[in-house]
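Data block below; observations after.
The values are calculated or read from the model by the stated rules, or taken from the named source; none is laboratory data. All values reported here derive from a predicted model rather than from experimental measurement. A quick note on method: Cβ atoms are made from the backbone with ideal geometry, for glycine too, and the neighbour counts reach across all protein chains shown.
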């Protein structure tokens, strides 16, 4: 639906608190809500699977396997599908690592902890995929702030420093990289 259609207008529907696009003829309310991103920090023998993005945004930067959920799938199914699409990797999901909010992008991100089952190779959305030891991770070339958060939260679990689930770091809303640079 589009609020530019002559049949739709912006108004606050009865019983609502937000302005929405509403059909003038039938009263249909076109709710536009946040998108859900699902992904995983995937480990194999203490190494972490990362994918170098072959698509925009942030083509050429490294990320965990993650992406938008599809209709009619669970968050776990979506995380497994994303790992297959990006890294041809099968996962054993062990639990939720974190739920992040990125309000400027209207995203909710559900990130799991997982282990690799079998091999991996680049999928159509990745230029390359590789396993990294913690001290080998290319932190300056990570695609998104939430990838930094996920990796550090997973490392905190690995070292026993904290337990999941995690949320955004204090004050972080996904508009800056951890070193303070503006994100996009």
Any chance residue 95 is touching a residue at least 40 places away in the same chain (Cβ under 8 Å), under 26 Å from residue 173 (Cβ atoms) and over 12 Å from the mean Cα position of the chain (by Cα): yes
Residue under evaluation residue 148, criteria (1) part of a helix (DSSP H, G or I); (2) out of contact with any helix residue (DSSP H, G or I) (no Cβ under 8 Å at 6 or more places or on another chain); (3) surrounded by fewer than 20 Cβ atoms within 10 Å (Cβ to Cβ), criterion not met: (2)
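Tell me, yes or no, whether the range 95-109 has at least one residue that is over 24 Å from residue 34 (Cα atoms) and out of contact with any helix residue (DSSP H, G or I) (no Cβ under 9 Å at 6 or more places or on another chain).
no
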In the range 110-144, residue modelled with the highest pLDDT [restricted to those that are surrounded by fewer than 13 Cβ atoms within 10 Å (Cβ to Cβ) and in contact with a helix residue (DSSP H, G or I) (Cβ under 9 Å, 6 or more places away or on another chain)]: 121
Selection status of residue 19, out of contact with any helix residue (DSSP H, G or I) (no Cβ under 8 Å at 6 or more places or on another chain) and either surrounded by 18 or more Cβ atoms within 10 Å (Cβ to Cβ) or under 21 Å from residue 151 (Cα atoms) (or both): no
Filter result (exposed (fewer than 14 other Cβ atoms within 10 Å of the Cβ) and over 16 Å from the mean Cα position of the chain (by Cα)) within the range 161-177: 161, 162, 163, 170, 171
Members of the range 78-92 that are closer than 10 Å to residue 112 by Cβ and either in contact (Cβ under 8 Å) with a residue 60 or more places away in the chain or in contact with a helix residue (DSSP H, G or I) (Cβ under 6 Å, 6 or more places away or on another chain) (or both): 91
From 96, 64, residue being within 22 Å of residue 166 (Cα to Cα) and either buried (at least 18 other Cβ atoms within 10 Å of the Cβ) or not assigned by TED's automatic domain parsing to the domain that holds residue 149 (or both): 64
